[in-house]
Amino acid sequence: MGRHTRALRPAQDPEVAGELNDASDDLAKALYQEFGGSLMAFALRLTGHDRQWAEDVVQETLIKAWRNADKLDRRPEMLRAWLFTVARRIVIDGWRSRSARPQELEEIESDAIAVSDESDRTLAAMIVYEALQGLSPEQREAIQQTYLRDRTVNEVAATLGVPPGTVKSRIHHAVRALRRALRERG
């Protein structure tokens, strides 16, 4: 028999059952007084210093002790070991359940949600297309072959049947003209 509680027996009559409930309540109070502080410190370490979660762990541990009052070994060192083991298992279960379900997020107002809008890209493509139309056919072909089809200057020169220097010159002048046209369009 422990120093904080008396032995519990199964109740046969209502009067004895009332005494058992009182004994269970006494056990819960005694456990909290004796082990509450150290159990809270232990739970805080296990929960990463989440005070609310640690308090829940201590409360759940004491509830389990109250429910299993008739099965507990009442020696203080055995009670302490049992309580700390139960608390550790509660925290482990908590970590597992948190990792098993998606993280809950706050609801965001629909006005604050950014919706992907392709209109900017479409407008930019139209502006670039118009600027390309302002180039000479030779410059436009050199730009299309090198930038859009990802060909080297030598490949474009072979395809067009002109020297590589001519392709480089067309690209240089075309890029300058495109920059000027795009600046004018804003």
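A short reminder: the numbers here are calculations on the coordinates, not readings from a lab. For clarity, every value in this text was computed on a predicted model and none was experimentally measured. Note that we place each Cβ from the backbone using ideal geometry, even for glycine, and neighbour counts take in every protein chain shown.
Counting charges near L178 (Lys, Arg +1; Asp, Glu -1) among other residues having Cβ under 15 Å from its Cβ returns a value of +3. Taking 0.36 nm per residue of sequence separation and removing the Cα-Cα distance, the V128/E55 pair yields an extension gain of 20.0 nm. Amide H contacts of R74: G2, each under 5 Å away and 5 or more positions distant or on a separate chain (H built 1.01 Å from N in the peptide plane; Pro and chain starts excluded).
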